[in-house]
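The values are calculated or read from the model by the stated rules, or taken from the named source; none is laboratory data. Because the structure is a prediction, the values reported are computed rather than measured. When we count neighbours, we look across all protein chains shown, and the Cβ atoms used for this are built from the backbone with ideal geometry, even at glycine.
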Amino acid sequence: MKKKRLCLILTILLVFIFSTSGLSYETLITADISIEDNLTGLSINPTTGMVVAASSKTKTLYLIDTITNTVIKTHTLSITPSGIAVDILRNMAIVSSKDGKLYFIDLETGNPIKTLSEDSSINSIAINMATDSLFICNDNGFMVMDLETENILNKVSLPYVVKGIIIDSNLGYLLMIMEGKEGLYLYNADTLEPITEINTGIIHSAISVNSSTHIALLINDSESSISVLSIENKNLLDTIRLSEKPDIITIDPVSFPYR
């Protein structure tokens, strides 16, 4: 089995240096944890420092302590994960699957809480902390579920399949990357109306955002690099070249507030 390296906080600490020549970046490896698996999902609870990683190959959930940089618990899933999000309010992980299931897991104990079933496949999920709601993406668009009542509040049809989704809760923006489409699509997280598209000229495979700095990191699908975007200014800031192509990405806004 090929060993996949999960470098916590995605190996990269981005330091923003303003100068007359523009914006430059440095990268620093903060931790390197070897997990003998293919990871397909990654999310973090910044209040506890707990990272949750999921593998669709082995159907395994990994709970990782970012203070000690160790895997503290593994859990075998009954579903094949397609997406993962952390509910900070309830300290639980929500794992989605292609067969339309949502799997809720207590992050303190690592034990399953409940399973919900939807009537369509799920490609990716994201939590809007400002409204306590879950965005669920499928092949036809996305829907919004109230996390308290578990009721579906709204459904939006889209012409393209959503490959990745994340929310800047401070700006109230829904960030989406589409299958086979270049760039980043911005929607209003409250009205669900489109705002604009940030053209990067590249198809992306994964996305994360820092809601404090409004900086988004997007993995580039065809090369070993990450695009750095300003969501507030709606433009591409830079491209960071890496020695190998990352599979997944997340940002810890507490440990690295300037990233």
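In region 174-198, the residues that are surrounded by 22 or more Cβ atoms within 10 Å (Cβ to Cβ) reach residues that are among the polar types (S, T, N, Q) and in a loop (DSSP other than H, G, I, E, B) with C-beta atoms within less than 8 angstrom, at least six apart or across chains, in these pairs: Ala189/Thr131; Ala189/Ser169. Looking across region 218-228 at every residue that is farther than 12 Å from Gly183 by Cα and either crowded, with 23+ Cβ neighbours inside 10 Å or not hydroxyl-bearing (Ser, Thr, Tyr) (or both), the one that is modelled with the highest pLDDT is identified as Ile226. Of the set (1) surrounded by 17 or more Cβ atoms within 10 Å (Cβ to Cβ); (2) in contact with a Lys or Arg (Cβ under 6 Å, 6 or more places away or on another chain); (3) among the small types (Gly, Ala, Ser), all apply to Ser211 but (2).
Mind checking which strands (runs of 3 or more DSSP E) fall wholly inside region 19-58 and carry at least 1 residues that are in contact with a Gly (Cβ under 9 Å, 6 or more places away or on another chain), surrounded by 14 or more Cβ atoms within 10 Å (Cβ to Cβ) and at pLDDT 80 or above?
Numbers: elements: 22-24, 33-35, 41-45, 50-55.
Those strands (runs of 3 or more DSSP E) span 41-45, 50-55.
Cβ-Cβ contacts under 6 Å between residues 6 or more apart (or on different chains), taken from a first residue in region 117-146 that is in contact (Cβ under 8 Å) with a residue 60 or more places away in the chain to a second residue that is β-branched (Val, Ile, Thr), are listed as Asn128/Ile167.
Against the condition assigned to a strand (DSSP E or B), under 21 Å from Ser97 (Cβ atoms) and under 16 Å from the mean Cα position of the chain (by Cα), how does Ile122 come out, does it pass? Taking the combined requirement at face value, the residue does not satisfy it.
Could you tell me which of the residues Asp99, Asp65, Asp106, Asp87 is of a type in the set (Asp, Glu) and in contact (Cβ under 8 Å) with a residue 60 or more places away in the chain?
On the way: Asp99 fails: in contact (Cβ under 8 Å) with a residue 60 or more places away in the chain; Asp65 fails: in contact (Cβ under 8 Å) with a residue 60 or more places away in the chain; Asp106 fails: in contact (Cβ under 8 Å) with a residue 60 or more places away in the chain.
One residue alone meets the criteria, Asp87.
Only one of the listed residues (Asp132, Asp106, Asp99) is acidic (Asp, Glu) and touching a Ser or Thr at 6+ places or on another chain (Cβ under 9 Å). That residue is Asp99.
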